[in-house]
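The values are calculated or read from the model by the stated rules, or taken from the named source; none is laboratory data. The structure displayed is predicted, hence computed values, not measured ones. Backbone-built Cβ (ideal geometry, glycine too); neighbour counts: all protein chains shown. Note: areas computed on protein heavy atoms with side chains; ligands, DNA, RNA excluded. Shrake-Rupley method; radii C 1.70, N 1.55, O 1.52, S 1.80 Å.
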Amino acid sequence: MGCFHLITGRKYRWYSLRILMLWLMVCSLGNVLSAAEPVPAETLYLKSGEFLAGESVGFESGKILFQLTDGSVRKVLLEDVDRLEYAELATDPDAPPPGEELLVSNENVELPPLPAMINQTPVPQPIGVSPEFGDVEDENTSPWDRVEGYYDTCWEYAEIWTKRMEIGGTFLAGNTQRDYVTTALQLEKSDDDNQFLFEIGGRWGQSNGIRDANRWYGNATLDVARTTKWIVFVTNKNVYDEFENLDWRGTISSGLGYRFVNEKDRRLIVRVGPGGTHEIYNDPSMRRTTLDVFAEIEFHWPLGDHAKLEHKQTWTPSVDNVQILRLTSETGILFKLDNKDRWNLRLGLLQVYNSYPNAGRKKNDFTGTVSLVYTRK
């Protein structure tokens, strides 16, 4: 009986010892696994209140590249970052004291370098500094160059267009009061096959307080071609002229054209096709719609190294009323003012002919202009 109790006590102590050893092994394994988990090197705090644990690896297009603990890389806009702090690592002798050093902060102007990505050395940019447009101006930059730089900046979002702005005027004060303004804007986009031209402008003037010029226009022309010099065109022209008693004249036409010359500085294009014109006159009131033949010639040619000629002439003779013929002819000579061929002085002459004008109006109108032209290609 005493032997049975002895054996039972030994078995109980043996089982207890095995359970204790098993518990110690489980605890040791947990400590090893905990120690194997990587401790985040940095913490990225966002303005939204969110924070990310991991490590910053570089910059890309105004974004910070932040690698999370799972290995994925997240791109965060710099403007959304509040601060970037080192982790509190007591075992790392090189780590700064907690909270004393920030890698990124909106209160900092300079951005310290971050670890480079593989095979890439990012160039950090300062936070809070807006990007610069154009080249840095030196001390010898003239006011003329500054004006040109500001204009180029305004047009940087439409670089695919050739842009041309024209403005001119005459102003007299004293015994004679004279104010005269002419302005125009052209936008042109072209490639080897197609070309689109949009132009809008006008002329306004008064003498001794009495208005004597008030004409505005808006035109659009689309040339569609393939690989030959033949083109298919669609055009729409609109005019308002107070002193022709014309509230609106609209012409639309489509047909064929031929590009005899279509180079950067030389152009000779002819367009011919059927069209229609609608006119609204006042004093006396009259509305007129005609079927027309549309014909247009466009001619650009250099006149030496410092001047070039521009000429465009449009005919719209009526088919159903042979007495009606409309002609618009505009000629200009441009004189270069700089070596870049951007600034030009333009001397222009506009002729508007209407064989059947409104009652009391003359058939011909001539307008001469002197204007400053800026072209950005």
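Out of Glu139, Glu166, I need the residue that is charged (D, E, K, R) and at pLDDT below 75. Which one?
Sole residue among the options that is charged (D, E, K, R) and at pLDDT below 75: Glu139.
Do any residues in segment 252-270 that are assigned to a loop (DSSP other than H, G, I, E, B) have Cβ atoms under 6 Å from those of residues that are of a type in the set (A, V, I, L, M, F, W, C) and at pLDDT 95 or above, where the two are at least six apart or on different chains, and which pairs are they?
The qualifying pairs are Arg266/Trp301.
In segment 176-189, which residue that is polar (S, T, N, Q) and surrounded by 14 or more Cβ atoms within 10 Å (Cβ to Cβ) is nearest to Lys377 (Cα to Cα)?
In this case the residue turns out to be Gln186.
For Lys75, are the conditions met, namely being open to solvent by 100 Å² or more (accessible area, probe 1.4 Å), charged (D, E, K, R), modelled with pLDDT of 55 or more and touching a Leu at 6+ places or on another chain (Cβ under 8 Å)?
yes
Asp193 versus (1) assigned to a strand (DSSP E or B); (2) modelled with pLDDT under 85: which is the lone unmet condition?
Here Asp193 clears every test but (1).
Filter segment 336-349 down to the residues that are farther than 15 Å from His300 by Cβ and under 33 Å from the mean Cα position of the chain (by Cα), then identify the one that is most open to solvent (accessible area, probe 1.4 Å).
Asn339
Would you call Asn219 exposed (fewer than 15 other Cβ atoms within 10 Å of the Cβ) and under 21 Å from Ala295 (Cα atoms)?
Spelling it out, it is not the case that Asn219 is exposed (fewer than 15 other Cβ atoms within 10 Å of the Cβ) and under 21 Å from Ala295 (Cα atoms).
Restricting to segment 259-284, name every residue that is more than 17 Å from Asn354 (Cβ to Cβ) and exposed (fewer than 15 other Cβ atoms within 10 Å of the Cβ).
The answer is Phe260, Val261, Glu263, Lys264, Asp265, Arg266, Pro274.
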